[in-house]
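Beneath this line is the structure, given in structure tokens, with notes to follow.
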Amino acid sequence: MRWRGERQSSNIEDRRGMGVGKVAVGGGLGTVLLLIIALIFGADPRQLLEQLPTEPSSQVQSSRPLDPEEEKLKEFVSVVLGKSEDVWHNVFQQNGRQYREPTLVLFTDRVESACGRAGAAVGPFYCPGDEKVYIDLSFYEELRRRFNAPGDFAQAYVIAHEVGHHVQHLLGISDRVDAMRGRVSEVEANQLSVRLELQADFFAGVFARYVKDQGLLDAGDIEEALAAASAIGDDNIQRQQTGYVVPDSFTHGSSEQRLRWFKRGYDTGDIRQGDTFSARDL
């Protein structure tokens, strides 16, 4: 992505170097991986973070120094957030609405949000309670190494997907889904979650189309985003972890579904084509 020299968003809250006490996550590596999978691209953190046992909150200073590579990442995500502001202001205006910009919070190790306290192991997440996206930039190394999804546009996809959840929040979609979850079975609730996540993938594709139309994509950028979407499909992750797949337990969608909806958003650039809740075939 050709991002250098582009406008950086001012909606950045830099909490790097500051912690909020300790987060005690039980269950070993398996639990940590499940949390990463569940929250990488936007599962409602209110349902998971509240379950994490924590020690009393206290402000502590992290000793981890900020390095030039991380500062470059900060500049990059600031540009990505700025581009997302441009596209969603435009889309909302076209549909007679007003877009309210989210804040991107950068943190180190652990963070306090309106949705609860979270450690870096839960991955990036969006909190509707304070309309903020949270990310520890060290996650991008996990994305490259653990999920085999390198590249700057794979990184942009992470932010675009989380902003997609903010769009859902502004449109009232998330609240409606939350209300429906309380009235259905666990399997049906999982299916609602899948549709919510696939729509956020669609919105990320709309963002990618906007960046393309601005002439800012490099060769291979879309492939990087597609690789990231495929890597975190429920079927792919379950197969890696257990050797088998349980479709009824999906909460984010299969690799094929995530690819399809991102690509639909990218191909059409039309928000009206992203109604995953009415779609018969996901």
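The values are calculated or read from the model by the stated rules, or taken from the named source; none is laboratory data. Values in this document were obtained by computation on a predicted structure and should not be read as measured data. Cβ coordinates were reconstructed from backbone atoms using ideal geometry, including for glycine residues, and neighbour counts include every protein chain displayed.
Scanning the range 208-217 for residues that are surrounded by 13 or more Cβ atoms within 10 Å (Cβ to Cβ) and assigned to a helix (DSSP H, G or I) turns up A208, R209, Y210, V211, K212.
Within the range 11-34, at least one residue is modelled with pLDDT of 95 or more, polar (S, T, N, Q), under 22 Å from I271 (Cβ atoms) and surrounded by 12 or more Cβ atoms within 10 Å (Cβ to Cβ). Within the range 141-150, the set of residues being surrounded by 20 or more Cβ atoms within 10 Å (Cβ to Cβ) and more than 15 Å from the chain's Cα centre (by Cα) is empty.
Summed over the range 208-230, the residues that are in contact with a helix residue (DSSP H, G or I) (Cβ under 7 Å, 6 or more places away or on another chain) and of a type in the set (K, R) give a count of 1. Close Cβ contacts (under 6 Å, 6 or more residues apart or on different chains) running from residues in the range 80-97 that are farther than 14 Å from Q214 by Cβ to residues that are at pLDDT below 95 comprise V91/I271.
Residue-by-condition table, conditions (1) surrounded by 14 or more Cβ atoms within 10 Å (Cβ to Cβ); (2) under 21 Å from the mean Cα position of the chain (by Cα); (3) part of a helix (DSSP H, G or I):
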position: A219; (1), (2), (3): no, no, no
position: E223; (1), (2), (3): no, yes, yes
position: A228; (1), (2), (3): yes, yes, yes
position: I237; (1), (2), (3): yes, yes, yes
position: T251; (1), (2), (3): yes, yes, no
position: R264; (1), (2), (3): yes, yes, yes
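Here is the figure for the range 101-134: residues that are charged (D, E, K, R), at negative phi and in contact with a strand residue (DSSP E or B) (Cβ under 7 Å, 6 or more places away or on another chain) total 5.
Restricting attention to the range 141-153, report how many residues are touching a helix residue (DSSP H, G or I) at 6+ places or on another chain (Cβ under 7 Å) and not in a loop (DSSP other than H, G, I, E, B). The number of residues fulfilling the criteria is 3. Residues considered: V158, V167. Of these, the only one that is closer than 26 Å to L106 by Cα, of a type in the set (A, V, I, L, M) and modelled with pLDDT under 95 is V158. Listed conditions (1) in contact (Cβ under 8 Å) with a residue 60 or more places away in the chain; (2) under 21 Å from I159 (Cβ atoms); (3) in a helix (DSSP H, G or I) are all met by Q241, apart from (2). Please verify whether the range 192-207 includes one or more residues that are surrounded by fewer than 20 Cβ atoms within 10 Å (Cβ to Cβ) and closer than 13 Å to D267 by Cβ. For the range 192-207, residues surrounded by fewer than 20 Cβ atoms within 10 Å (Cβ to Cβ) and closer than 13 Å to D267 by Cβ: absent.
Residue pairs whose Cβ atoms lie under 6 Å apart, separated by 6 or more positions or on different chains, with the first residue in the range 192-216 and acidic (D, E) and the second not in a helix (DSSP H, G or I), are E197/H252; E197/G253. Looking only at the range 268-281, residues that are surrounded by 13 or more Cβ atoms within 10 Å (Cβ to Cβ) and part of a helix (DSSP H, G or I) come to 3 in all.
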